[in-house]
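Here the structure comes first, spelled out in structure tokens, and everything after it is commentary.
The values are calculated or read from the model by the stated rules, or taken from the named source; none is laboratory data. Please read these numbers as outputs of a predicted model, since none were measured by experiment. Here the Cβ positions follow ideal geometry from the backbone for every residue, glycine too, while neighbour counts run over all protein chains shown. Accessible surface areas use protein heavy atoms only, side chains included; no ligands, DNA or RNA. Shrake-Rupley method; radii C 1.70, N 1.55, O 1.52, S 1.80 Å.
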Amino acid sequence: MKTVIDAHNISKVYNRKTIPVYAVNNVHLHLERGEFTALVGPSGSGKTTLLNLIGGLDKPDEGNIFINGVDITNLSSNELINFRLRNIGFVFQSFNLIPVLTAKENVEFIMQLQKMNKRDRGERVDKLFKEIGLEDKLNERPSKLSGGQQQRVAVARALASKPQFVLADEPTANLDSIAASNLLDIMVRLNKEENITFLFSTHDQRVIDRARRVITLVDGKIISDSANVATNTMHPTN
Amino acid sequence: MWRNRNRTIITMASIFFAVILSVATSSLRQGVFENLIKNVVSFYTGYMQVHKQGYQEEQILDNSFEESVETEHKILQEKNVSGVTPRLESFVLASTENITKGCLLVGINPEKENEITVLKDKIIQGEYLKSDDNAVLLSMGLAEKLKLKVNDTLVLIGQGYHGSIAAGKYRVIGIARFGSPELNDKVIFMPLTLAQEFFSASGMITSYILSLHHTKNLEPTATTVAAELGNNFEVLTWGDLVPDIKQHIETDTNNAKYVQGVLYMLICFGIFGTSLMMMVERKFEMGMLVAIGMTKIKLMILFAIESIFTVLAGCLLGIIASIPLVYYFNRHPIKIGGDTAETYQRFGFEPIFPTSVDASNFIRQGVIVVIIGLILSLYPMYKAMRVNPVSAMKK
Ligand SMILES: Nc1ncnc2c1ncn2[C@@H]1O[C@H](COP(=O)(O)OP(=O)(O)OP(=O)(O)O)[C@@H](O)[C@H]1O
Ligand SMILES: [Mg+2]
């Protein structure tokens, strides 16, 4: 097993000068390659903050985060941008896609940033769209796609850069249950077949049920971290 | 690669209207002045005149000087001077059977005068003067006051050279209409030799009217001509000849500068407002792009290219669209009425507002708006530089 995420007692404090809010409070987190982990907890428990810290979008006030052995808390903001480009795939709750680009261009865009050549880009786009089942929507603008389709394209976009892992903050929050379940199907399949590591936050019990590991946050602290028995028997670890 | 049509169109439209607005206002202002100068200055006083020293102070026949080829040559030494025509002017009384009016009698060389002030084009009835005619050309307003038509006769009485009495009876050969109401009500033209005879001032003239190749830099030209002629002569520019008009233009130009300044500010707010609106809309996008790994430099370059393109395109379209507009109002000048019109007429020019079709104006306004647009586009770039993906993507 290869460690991809290794966070040591990280904390993030807001309003330090007035009434300090420990959005993330002394958290330890360890993720191996191929995990499919859900981050759950009540609203305001610090899920988004923790994902932002791990994704290098925000810096912790305390602690260190190692991604693939690199301490990202020591990187400059430009190094961080580049690091994110090469190592981390993001799926946000919304505003994932650039409205003026087609679905295909949205996915291709990140590979252009990585300076991948045109032929490789084309091959990868075809492969990814097959995986998300949207081969026929390549040239549609995001506004022509349903919310679920848009999130599927976002997953493809996140994977396009061949990241170490994919972070998804409430990827299904804006979707109806069928679309949410479709998206989860795709994520589960990518996890099983391609060994892609996913860490996602969610409120949705049906989504939680499909995770193999569930980390529960309350007030910025991890209060439980357990293997999801039901899921593990259904999808044994490879 | 960025093709948000709506956004581009909105930004372009703001630039587009900014250009039209500033071209329209500035060409209108410039056109009004050009028209004013054309009416009063180039059609009558000329841009520059040569007198005997002291004539401007005391405009009497005794301050006249001898017309001479030598003097004309000296004046033409200055390269900017394209032509010279002599005049002999003095106030006289014009009467018909029962009406008498004071008016300005101007003796002219009909051919040369026409070359400079295009007098012939102003004839609305009858014919233009020939140098050996024993006749006069009346301005329209005066003809109406005296109730004269072409081929009627009138009597002129005045004081001649060195206190002699001048009197004569002349046929009206033509009637001319002037843009300047002041001129239109008081001028009578006759051939120079006839005027000299009338005033018993054989060979004398009161002024040379100069036409110039370039009318912009008058002062240097006036200085060289004056140096050439020496102390016996005075050289005056139109500003000295009709100081009230010059003053009017100067105050108006200053006012116009404030108006233009306010306009540019409005333009700034307009463009800035649109780009601010765009920024709100793009905040998420910018945050997302930086989050997934686009460097801020790339984002800035993208914005720079985008705004250069939109600003230039908007400006170009604005210029193209304003050309027919400006031309239309050049052909069909805005006419004003009422008190304002009277004020304008008192100043001696037609109450019409044609626009100037001077190409440099389009370019100048275009460049100004482009500069404003580009400076304002630094703001989105600055925003891009500082975007924080976490806060940008918060709702
Ligand atoms: N920029 C900020 N300034 C101050 N406090 C903040 C800021 N961002 C988050 N917080 C606080 O930090 C805590 C954790 O917020 P966070 O958004 O991480 O929670 P969450 O678990 O993602 O909630 P939700 O389920 O509603 O998305 C909350 O109490 C929140 O009010
Ligand atoms: Mg959240």
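Miscellaneous remarks
- Violating pairs (Cα-Cα greater than 21 angstrom) within the set A:LYS47/A:LYS137; A:LYS47/B:LYS296; A:LYS47/A:LYS127; B:LYS52/B:LYS74: A:LYS47/A:LYS137; A:LYS47/B:LYS296; A:LYS47/A:LYS127
- Per residue, the Cα convex hull of the stretch B:214-292 amounts to 146 Å³.
- Per residue accessible area in Å² of the stretch A:7-122, where ligands, DNA and RNA are left out and the probe is 1.4 Å: 41 Å²
- Within the accessible area of the protein assembly as shown (1.4 Å probe), percent carbon and sulfur: 55 percent
- Approximate spin-label separation B:PHE309-A:ARG33, in nm, with each point projected 7 Å along Cα-to-Cβ: 4.1 nm
- Against the main long axis of the alpha-carbon atoms of chain A, helix A:177-194 sits at an angle near 90°.
- Surface accessible to a 1.4 Å probe, A:THR48 within the full protein complex, Å²: 60 Å²
- Of the trypsin sites (Lys or Arg not before Pro) in the stretch A:59-142, those whose Cβ has at most 16 other Cβ within 10 Å and which sit in DSSP loop: A:LYS115
- Anchor B:LYS147: lysines whose Cα lies under 29 Å away (excluding residues fewer than 8 positions away in-chain): B:LYS38, B:LYS101, B:LYS120, B:LYS122, B:LYS130, B:LYS169, B:LYS186, B:LYS335
- Under the criterion of Cα pairs below 8 Å and six or more residues apart, the relative contact order for chain B equals 27 percent.
- Counting all C-alpha pairs of chain B, share separated by more than 42 Å (%): 35 percent
- Per residue solvent-accessible surface (Å²) - the stretch B:54-230, probe of 1.4 Å: 47 Å²
- Loop trypsin sites (Lys or Arg not before Pro), the stretch B:196-267, which have at most 11 other Cβ atoms in a 10 Å radius of their Cβ (DSSP): B:LYS216
- For the stretch B:59-209: rounded, prolate or oblate by the Cα gyration tensor [a/c cutoff 1.5]: oblate
- Take B:GLU58: with every protein chain present and a 1.4 Å probe, its accessible area is about 100 Å².
- For the protein assembly as shown, calculated [θ]222 nm from helices alone, where every DSSP H run of n ≥ 4 adds -39500 (n - 2.57): -15000 deg cm²/dmol
- Scaling against 2.2 N^0.38 Å puts the C-alpha radius of gyration of the protein assembly as shown at 1.65.
- The angle separating the long axis of helix A:118-131 from the principal Cα axis of greatest extent in chain A is about 80 degrees.
- Convex hull (Cα only) mean projected area of the stretch B:37-126, reported in nm² to one decimal: 7.9 nm²
- Alpha carbon centroid spacing (whole Å) that separates the stretch B:40-72 from the stretch B:148-168: 21 Å
- Legend: residues B:MET385, B:MET393, sorted from most to least accessible area (1.4 Å probe; ligands, DNA and RNA excluded), read B:MET385, B:MET393.
- Anisotropy class of chain A from Cα gyration tensor, a/c 1.5 cut: prolate
- In the stretch A:64-106, comparing the full protein assembly with the chain on its own, the residues that lose 50 Å² or more of accessible surface at a 1.4 Å probe are A:ILE81, A:PHE92, A:PHE95, A:ILE98, A:VAL100.
- Inter-part distance, the stretch A:1-51 to the stretch A:132-209, computed on C-alpha centroids, equals 22 Å.
- Relative to the longest principal axis of the Cα atoms of chain B, helix B:296-331 runs at roughly 30 degrees.
- Chain-alone versus full-assembly comparison, the stretch B:292-325, residues with accessible loss of at least 20 Å² (1.4 Å probe): B:ILE292, B:GLY293, B:MET294, B:THR295, B:LYS296, B:LYS298
- Chains B and A, summed buried accessible surface - 1.4 Å probe, Å², nearest 100: 2100 Å²
- Protein-only accessible surface order, largest first, of A:GLU105, B:GLU57, A:GLU79, B:GLU144 at 1.4 Å: B:GLU57, B:GLU144, A:GLU79, A:GLU105
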